[in-house]
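Below is one structure, written out as structure tokens; the observations come after it.
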Amino acid sequence: QVQLVESGGGLVQTGGSLRISCAASGSIFSISTMAWYRQAPGKQRELVAAITSGGSTNYVDSVKGRFTISRNNAKNTVYLEMNSLKPEDTGAYYCKAERRSIYNTRLSDTWGQGTQVTVSS
């Protein structure tokens, strides 16, 4: 099993910056891709950014050029650096770890509890 704990959310003004973190523990050897999702009130959860174990990244179009996802494998932590924040970035941000077995078969995903990011206008 893997446990994920997010931190670093908060209230920031439009144009400000914030960095959120997700620390993994447990069976971390099974973790492959890690990702950040967000969910605004009344909306579906959406993928914001993802990073593979090899460091390849992808982003939703709305955050490209403003957000940066990174991971520190030594610390078992993934980060999301958010710059030029907009009110529409407001939501609960969730970390997700995709897991694979030693045979490279997909295992169940693990989600963190979420951290709130609020951008005031």
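The values are calculated or read from the model by the stated rules, or taken from the named source; none is laboratory data. Please read these numbers as outputs of a predicted model, since none were measured by experiment. Note: ideal-geometry Cβ built from the backbone for every residue, glycine included; neighbour counts use all protein chains shown. Accessible surface is based on the protein model in full, side chains and every heavy atom, while ligands, DNA and RNA are left aside. Shrake-Rupley method; radii C 1.70, N 1.55, O 1.52, S 1.80 Å.
Give me the distance in nm between label points sitting 7 Å out from Cα along the Cα-to-Cβ direction at K75 and S108, one decimal.
Label at K75, label at S108, 3.0 nm between them.
Rounded to the nearest percent, how much of the accessible area of the chain (1.4 Å probe, protein heavy atoms only) is carbon and sulfur?
Looking at the chain in its full context, I get 48 percent from C and S.
Using a ≥ b ≥ c from the Cα gyration tensor of the stretch 1-71 (square roots of the eigenvalues), is it rounded, prolate or oblate, where a/c under 1.5 gives rounded and otherwise the larger of a/b and b/c decides, a/b for prolate?
Because a/c hits 1.5 or more and a/b exceeds b/c, the stretch 1-71 counts as prolate.
Hey, which aspartates and glutamates would be in cross-link range of K96, C-alpha to C-alpha under 20 Å, not counting anything within fewer than 8 residues on its own chain?
E6, E46, D61, E81, D109
Report relative contact order for the chain in percent, whole number only (criteria: Cα-Cα under 8 Å, sequence separation at least 6).
35
What order, most packed first, do the peptides 27-36, 90-99, 68-77, 52-61 have when packing is the mean number of other Cβ atoms within 10 Å of each residue?
Per-residue Cβ counts within 10 Å, averaged per peptide and sorted highest first, yield 90-99, 27-36, 68-77, 52-61.
Show me the trypsin sites (Lys or Arg not before Pro) within the stretch 1-68 that DSSP assigns to loop and that have at most 13 other Cβ atoms within 10 Å of their Cβ.
K43, K64
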